[in-house]
Amino acid sequence: MNPGNRRAIYAALMANSGIAILKFVGWSFTGAASLLAEAVHSVADASNQGLLLWGNTAAKRAPTAAHAFGYGRERYFWAFVVAMVIFSLGGLFALYEGITKVLHPHELQDPSWAIGILLIGIVFETLSLRTAIQAARQSMIQPNWWIYIRRTKNPELPVILLEDLGALLGLMLALAGISLAIWTGDSRFDALGSISIGLLLVVIAVLLAVEMKSLLIGESAAPGNEALIEASAMAHPSVIRLIHLRTQHIGPDQVLVGAKVEFDSELSLDSLTQVIDEVETAIRVALPFSALIYIEPASSSASNEPATGEEPPSPDED
């Protein structure tokens, strides 16, 4: 994990921990459902930052016989757990609390406490979100934030970005619900604010779960990085063609590369070994992250192999 990611996580952890305490204090004075939902939401977010930090620590373990390629995907797993925490402890609790208060409304007490705490929370969450945005921009090459969240192999920053955005929007929804409850004298608006927060968190949790599931299953390197691999291999004068190439991220900063390559048939065994080493070195230099590379030499008789990026034909095809 680079320093920018870690700084964004610590910023979110400190903001959420402090805001959670303030929200619980405010809820004890007001009894506002949306403020309680936001307090539990902040506790969930603070716990999530702890899970992300633990995932980063666990991912650094050395490879073992049972996990020969290391533990890089631990970061994806714990990010997936974060999505489940947001869904259950954040989203479902807020929905439950809101629905309960709609069915059994009660008047808010000292709502000025809630307003003040929510305004302070908006300031803290804005600062935390700004830190996450600055960290993401350091490695962002995608044209917009939606594509960045969908395509990045880094699990922490999308989680922090969506968490902070969800927290900021949740605070605004809570503020709107309590304000409407004060203005109309109908406390059910506060309950509706809690329900809105719950729906927002459920949507964020589902989006994160889908993205982390894809990374856990195993995603290929980005097309631009696969193009770098192909160009680096083909740049060697002894490489005739790249028959096929397969890549898979085994962690945010490490990719597994498997390639079948046709080399110059005039090469001796010793020369072929040296050329393979040179091709692997060229690929490692070109890539912006570490790589485990396995190259299989092939002769011209392997013409029936699928080309780079193509799928092998199914048994039913002629």
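Highest first, please rank the peptides 270-279, 129-138 by the mean number of other Cβ atoms sitting within 10 Å of their residues. Walk me through the numbers on the way to the answer.
Details: 270-279: 15.1, 129-138: 18.0.
For the peptides 270-279, 129-138, the packing ranking is 129-138, 270-279.
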| query | Length gain on complete extension for the stretch residue 134 to residue 169, per 0.36 nm per residue less the alpha carbon to alpha carbon distance? | reply | 10.7 nm
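Beyond 21 Å, what share of the Cα-Cα pairs of region 177-282 remains, rounded to the nearest whole percent?
More than 21 Å apart: 60 percent of the Cα pairs in region 177-282.
Out of all DSSP beta bridges in the chain, what portion is antiparallel? Express it as a percent rounded to 5.
Numbers: 10 of 19 bridges.
That works out to approximately 55 percent antiparallel.
Which residues make up the longest stretch of the chain clear of chymotrypsin sites (Phe, Trp or Tyr not before Pro) that lie in a DSSP loop with no more than 14 other Cβ atoms within 10 Å, not counting the sites?
Numbers: sites that count: 69, 289.
Counting only loop sites that pass the neighbour cut-off, the longest clear stretch is 70-288.
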| field | Fully extended contour minus Cα-Cα distance, from residue 146 to residue 267, at 0.36 nm per residue | value | 38.7 nm
| Given N residues in region 1-120, what is Rg(Cα) / (2.2 N^0.38 Å)? | 1.35
| request: Treating the angle as unsigned and between 0 and 90°, give the value, to the nearest 10°, between the Cα long axis of helix 269-286 and the longest Cα principal axis of the chain. | output: 30 degrees
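Kindly give the semi-axes, whole Å and largest first, of the ellipsoid equivalent to region 3-217, taking each as the square root of 5 times a Cα gyration tensor eigenvalue.
Details: eigenvalues 231, 54, 43 Å².
Listed largest to smallest, the semi-axes of region 3-217 are 34, 16, 15 Å.
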| request: Between residue 220 and residue 294, with labels modelled 7 Å along Cα→Cβ, what's the label distance in nm to one decimal, could you check? | output: 1.8 nm
| request: Would you pull out the residues with amide H under 5 Å of residue 293's amide H, same chain only if 5 or more places away, H placed 1.01 Å from N? | output: 257
| request: For region 29-46, just list the computed ³J(HN,Hα) in residue order, Karplus coefficients 6.51, -1.76 and 1.60, θ = phi - 60°, integers in Hz, with x standing in for Gly and Pro. | output: 8, 10, x, 6, 5, 5, 6, 5, 4, 5, 5, 5, 4, 5, 4, 4, 5, 5
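Note the count of lysine pairs whose C-alpha atoms are less than 29 angstrom apart in region 3-217, limited to pairs 8 or more residues apart or on different chains. Intermediate results must be reported in sequence, preceding the final value.
Numbers: 23/101; 60/153; 60/213; 153/213.
Taking region 3-217 as the scope, the lysine pair count is 4.
Relative to the present Cα-Cα distance, how much length would full extension add between residue 57 and residue 285 at 0.36 nm per residue of separation?
On the way: separation 228, 0.36 × 228 = 82.08 nm, distance 2.64 nm.
Stretched fully, the residue 57-residue 285 segment lengthens by 79.4 nm.
Computed from the coordinates by the stated procedures, all read-outs in this text should not be read as laboratory data. What you see is a predicted model, and the numbers here were worked out from it, not measured in a lab. Cβ: placed from backbone, ideal geometry, glycine included. Neighbour counts: every protein chain shown.
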